[in-house]
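Below is one structure, written out as structure tokens, with a few remarks after it.
The values are calculated or read from the model by the stated rules, or taken from the named source; none is laboratory data. Given the structure is predicted, the values throughout are model-derived calculations rather than measurements. Note: ideal-geometry Cβ built from the backbone for every residue, glycine included; neighbour counts use all protein chains shown.
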Amino acid sequence: MLRSELITNIVIACQLAVDYKLPIILSTVNVKTGKNAETISPILEVLKGFPSYDRTSINAWEDKEFNDAVNAAGRKKLLMAALWTEACLTFPTLDALREGFQVYPIADAVGGTSIAAHEMALRRVEQAGAQLTSVTQLACELQRDWARTTTAPFMVKALQSNGSFLRT
């Protein structure tokens, strides 16, 4: 997947979470230490007003603030996107599964350091019990019924944004 497609999918997933009023936990790693850059601006624009938890641990699940935020959300189903599939997605997914969460990695809203690394990480979390999904599937699953006219425009916009739904 091209970098531009990945960014588009991540932004769409974030916008869907905002539109459907899902709890959002944004995390960065080593931004405060200067070792890494802040979340890219297209994502920050969508998530304006949401706190960001900066951590030093590669595995977000091991960060107390992040873990507390997840538990405070009171949900047992977690949608996950990440920077690197083989680290930022895999490690917290495996830990969350062990703690009884249902984890839904958004496979086209996360990238690996290589295609092989991405695919192997997705296979690993799937074998551990994660249920892979895509941005398009996420939009349809959140909407579920065209009769929900208040939220239907959110689904249509998301699917038009990534080319899944043609504009008429």
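So which of Leu97, Leu166, Leu122, Leu142 is among the aliphatic types (A, V, I, L, M), within 20 Å of Ala17 (Cβ to Cβ) and in contact with a helix residue (DSSP H, G or I) (Cβ under 8 Å, 6 or more places away or on another chain)?
The unique qualifying residue is Leu142.
So is Leu142 in contact with a Pro (Cβ under 7 Å, 6 or more places away or on another chain), assigned to a helix (DSSP H, G or I) and under 20 Å from Ile24 (Cβ atoms) or not?
Spelling it out, it is not the case that Leu142 is in contact with a Pro (Cβ under 7 Å, 6 or more places away or on another chain), assigned to a helix (DSSP H, G or I) and under 20 Å from Ile24 (Cβ atoms).
Run Pro153 past the list (1) in a helix (DSSP H, G or I); (2) under 15 Å from the mean Cα position of the chain (by Cα); (3) under 15 Å from Leu16 (Cα atoms) and report the number of the one that doesn't hold.
Only one criterion is unmet by Pro153, namely (2).
Tell me which residues, restricted to the stretch 136-168, are in contact (Cβ under 8 Å) with a residue 24 or more places away in the chain and among the small types (Gly, Ala, Ser).
Listed by number, the residues that qualify are Ala139, Ala158, Ser161, Ser164.
Would you mind finding the one in Ala82, Ala96, Ala109 that is in contact (Cβ under 8 Å) with a residue 40 or more places away in the chain, under 23 Å from Arg55 (Cα atoms) and not β-branched (Val, Ile, Thr)?
On the way: Ala82 fails: in contact (Cβ under 8 Å) with a residue 40 or more places away in the chain; Ala96 fails: in contact (Cβ under 8 Å) with a residue 40 or more places away in the chain.
Criteria check complete, one pass: Ala109.
Consider Ala130 against the criteria (1) crowded, with 18+ Cβ neighbours inside 10 Å; (2) assigned to a helix (DSSP H, G or I); (3) of a type in the set (A, V, I, L, M): it satisfies all of them except one. Which criterion is unmet?
Single failed check for Ala130: (2).
Which fully enclosed helices (runs of 4 or more DSSP H) of the stretch 11-124 have 2 or more residues being closer than 30 Å to Gly163 by Cα, under 15 Å from the mean Cα position of the chain (by Cα) and not polar (S, T, N, Q)?
Numbers: elements: 41-46, 64-73, 90-98.
Once the helices (runs of 4 or more DSSP H) in the stretch 11-124 are filtered for at least 2 residues that are closer than 30 Å to Gly163 by Cα, under 15 Å from the mean Cα position of the chain (by Cα) and not polar (S, T, N, Q), what remains is 41-46.
Residue-wise test of (1) aliphatic (A, V, I, L, M); (2) under 30 Å from Ala152 (Cβ atoms); (3) at pLDDT 95 or above.
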{"residue": "Pro23", "(1), (2), (3)": "no, yes, yes"}
{"residue": "Val31", "(1), (2), (3)": "yes, no, no"}
{"residue": "Asp63", "(1), (2), (3)": "no, no, yes"}
{"residue": "Ala82", "(1), (2), (3)": "yes, yes, no"}
{"residue": "Cys88", "(1), (2), (3)": "no, no, no"}
{"residue": "Asp95", "(1), (2), (3)": "no, no, yes"}
{"residue": "Ile106", "(1), (2), (3)": "yes, yes, yes"}
{"residue": "Gly111", "(1), (2), (3)": "no, yes, no"}
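Take Ala96 and tell me if it is of a type in the set (A, V, I, L, M), surrounded by 14 or more Cβ atoms within 10 Å (Cβ to Cβ) and within 14 Å of Asn9 (Cβ to Cβ). Write out each step before concluding.
Numbers: of a type in the set (A, V, I, L, M): yes; surrounded by 14 or more Cβ atoms within 10 Å (Cβ to Cβ): yes; within 14 Å of Asn9 (Cβ to Cβ): no.
When the stated conditions are applied, Ala96 does not pass them.
Among the numbered criteria (1) touching a residue at least 40 places away in the same chain (Cβ under 8 Å); (2) under 14 Å from Asn59 (Cβ atoms); (3) in contact with a Pro (Cβ under 9 Å, 6 or more places away or on another chain); (4) not aromatic (Phe, Trp, Tyr), which one does Thr133 miss?
(2)
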